[in-house]
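The values are calculated or read from the model by the stated rules, or taken from the named source; none is laboratory data. Computed from a prediction, not measured in an experiment: that's the story for all the values here. In this analysis, Cβ positions are derived from the backbone assuming ideal geometry, glycine residues included, and neighbour counts consider all displayed protein chains. Accessible surface areas use protein heavy atoms only, side chains included; no ligands, DNA or RNA. Shrake-Rupley method; radii C 1.70, N 1.55, O 1.52, S 1.80 Å.
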Amino acid sequence: MPPPITISDADKLGFEAAFAQAQRSFDEGGVPIGAALVVHDVAEASAGGEREGSGPRLIGQGHNERIQKSSAILHGEISALDDAGRQRPSVYRNATMVSPELPGAFSMNLAADSRNWGARHCMCTGAILLYKIPRVVIGESVNFLGGEDLLRSHGVEVIVVDDERCKNLMGRYIREKPEDWNEDIGETGSG
């Protein structure tokens, strides 16, 4: 067994916020995927005009609300980006997206084929690539293998924490609500 992954204080800030969001979604009856966007040492004005301070800050957090709001797009990472609001490109390029689960990709065979990219990959992975977010920290990749290979093939650093809380929460959800889970990842079967 490999040694446990050690994450920075900034990553811990985002991880605890993302896990709390995942738990909130689960408690609301939704898919337990939360996300948090943490920005590191940015010292310039954001698009909203306020001055960014130095040091890591949580600028956005959210959770999957597809079931709660009957939404086609409110996956966890999209919700966190929405909560962060409009940001300058330099903010995203100095940020880490943190999520208990890996941002999804509909195809489990993740060859980085740009001709088929749009049809095969989830909006969460796509948003990370679009905004050039350079780091992703995820809680686990046992219950669902998302876009890890695709992200890495585009130069994104992906850190898998292998957190037992995340594995247990998602595993429980998949066992208890397989139809909702399959709908969320674009599958038609149950279980």
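Listed here are the helices (runs of 4 or more DSSP H) enclosed by region 118-176 that have at least 1 residues being more than 23 Å from Gln23 (Cβ to Cβ): 123-130, 148-153.
Hey, can you tell me all the residues within region 161-174 that are touching a helix residue (DSSP H, G or I) at 6+ places or on another chain (Cβ under 9 Å) and either under 18 Å from Ala35 (Cα atoms) or open to solvent by 50 Å² or more (accessible area, probe 1.4 Å) (or both)? Steps first, answer last, please.
Our first condition is that a residue be touching a helix residue (DSSP H, G or I) at 6+ places or on another chain (Cβ under 9 Å); within region 161-174, this holds for 161, 163, 165-166, 169-170, 172-174.
Val161, Asp163, Arg165, Cys166, Leu169, Met170, Arg172, Tyr173, listed by residue number.
Taking the conditions (1) at pLDDT below 95; (2) within 20 Å of Phe19 (Cα to Cα) in turn, Gly62 satisfies each one other than (1).
For region 1-29, the set of residues classified as modelled with pLDDT under 95 and not in a helix (DSSP H, G or I) consists of Met1, Pro2, Pro3, Pro4, Ile5, Thr6, Ile7, Ser8, listed by residue number.
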